[in-house]
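Working notes, structure below.
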């Protein structure tokens, strides 16, 4: 059960990250360049194959200039 809940959280986080990227015009290639690596190396984070709950995920949030905020259930915006 725990793994399923974490997976759901990661999927929601990924969707929000993709939305921020669309709004800001930033791409996977931009993040890869920022990380000094290839787009292929960062793609698994964007496709959900690798966890965003890592240092790379934190780097991605920093790159986008956003942070994770916990919102009590029932207060979703």
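Worth a mention:
- Every residue from the range 31-59 that is free of Cβ contacts under 8 Å to residues at least 12 places away in the same chain, surrounded by 13 or more Cβ atoms within 10 Å (Cβ to Cβ) and under 11 Å from the mean Cα position of the chain (by Cα): 50, 58
- Within the range 7-49, the residues that satisfy the criterion of being within 17 Å of residue 66 (Cα to Cα) and either in contact with a strand residue (DSSP E or B) (Cβ under 6 Å, 6 or more places away or on another chain) or not in a helix (DSSP H, G or I) (or both) are 25, 26, 27.
- Whether a residue is touching a helix residue (DSSP H, G or I) at 6+ places or on another chain (Cβ under 9 Å), part of a helix (DSSP H, G or I) and on the phi < 0 side of the Ramachandran plot was assessed, and residue 66 does not pass this test.
Every read-out reported here was derived from the displayed coordinates using simple, explicitly stated rules and does not represent laboratory data. All of these numbers come straight from a predicted model, not from anything done at the bench. Cβ sites come from the backbone with ideal geometry, for glycine too, and all protein chains shown count toward neighbours.
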